[in-house]
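In what follows, a single structure is set out as structure tokens and then discussed.
The values are calculated or read from the model by the stated rules, or taken from the named source; none is laboratory data. Computed from a prediction, not measured in an experiment: that's the story for all the values here. Using ideal geometry, Cβ is built from the backbone for each residue, glycine included, and neighbour counts are taken over all protein chains shown.
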Amino acid sequence: MRHIKPEPLTAAAFRPFGDLIEASDAVRHFPINYGNTERYHDLAAIDTGAEGGRTGVSIFRSTPLEGPIVVRLMEYHPLSSQAFVPLSPNPYLVVVAPKGGFDAGAVRVFRAEAGQGVNYHPGTWHHFSLALGAVSDFLVIDRIGEGSNCVEHNLEPADQITVVL
């Protein structure tokens, strides 16, 4: 079993897995609504149309796991992206691995802050929401439709990862 300490979530570090969704000076932004609103523009490539799917908006309420956090399962969505935008003021963990055959050695763990959302690209391995500190709500934008769009993989004990907080 490997032990991994979460790294900070940045756009550059997360790019191989998807899009970082956050209001920052590093992204294209401009004033709208007569200068009363700043628009942070086109932050994620939402991809939900495969096999007749449509874009859905849901809220996921995540309960923190008892520590230590052990990653025992990973999943991916072959037909769509999946975006998580926190609605609660709590940090959370993002556990990902590259597309393709699952490689336990390539798993990365990021610590996301309350103002940071993520959009997993289709096929990107990820763990379910890992709220930290308190029950947390996430706005989730993903595919609604027929077909199998969630592939789960149970990790062998030797591939499991303990997250060191």
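The set of residues in region 1-25 that are surrounded by 11 or more Cβ atoms within 10 Å (Cβ to Cβ), in a loop (DSSP other than H, G, I, E, B) and at pLDDT 95 or above comprises Pro6, Leu9, Thr10, Arg15, Pro16, Phe17, Glu22, Ala23, Ser24. Filtering region 26-57 to residues that are under 13 Å from Ala83 (Cβ atoms) and surrounded by 12 or more Cβ atoms within 10 Å (Cβ to Cβ) leaves Leu43, Ala44, Ala45, Ile46, Asp47, Thr48, Thr55, Gly56. May I ask you to verify whether Ala131 is free of Cβ contacts under 8 Å to residues at least 40 places away in the same chain and either crowded, with 20+ Cβ neighbours inside 10 Å or hydrophobic (A, V, I, L, M, F, W, C) (or both)? Considered against the rule, which asks whether it is free of Cβ contacts under 8 Å to residues at least 40 places away in the same chain and either crowded, with 20+ Cβ neighbours inside 10 Å or hydrophobic (A, V, I, L, M, F, W, C) (or both), Ala131 comes out as no.
Among the residues making up region 100-127, those that are aromatic (Phe, Trp, Tyr) and within 19 Å of Ala44 (Cα to Cα) are Phe110, Tyr120, Trp125.
Candidates Phe14, Phe84, Phe102: the one that is under 23 Å from Val151 (Cα atoms), touching a Leu at 6+ places or on another chain (Cβ under 7 Å) and touching a residue at least 40 places away in the same chain (Cβ under 8 Å) is Phe14. Among the criteria (1) within 24 Å of Pro122 (Cβ to Cβ); (2) touching a Phe, Trp or Tyr at 6+ places or on another chain (Cβ under 8 Å); (3) of a type in the set (A, V, I, L, M); (4) assigned to a loop (DSSP other than H, G, I, E, B), the one Val96 does not fulfil is (4).
Is it the case, given these coordinates, that Phe60 is touching a residue at least 24 places away in the same chain (Cβ under 8 Å), surrounded by fewer than 19 Cβ atoms within 10 Å (Cβ to Cβ), among the aromatic types (Phe, Trp, Tyr) and outside any loop (DSSP other than H, G, I, E, B)? When the stated conditions are applied, Phe60 passes them.
Restricting region 63-92 to residues that are of a type in the set (Phe, Trp, Tyr) and within 15 Å of Glu113 (Cα to Cα), which is surrounded by the fewest Cβ atoms within 10 Å (Cβ to Cβ)? Applying the filter and picking the extreme gives Phe84. Within region 135-149, the set of residues being surrounded by 12 or more Cβ atoms within 10 Å (Cβ to Cβ) and either of a type in the set (D, E, K, R) or under 18 Å from the mean Cα position of the chain (by Cα) (or both) comprises Ser136, Asp137, Phe138, Leu139, Val140, Ile141, Asp142, Arg143, Ile144, Asn149.
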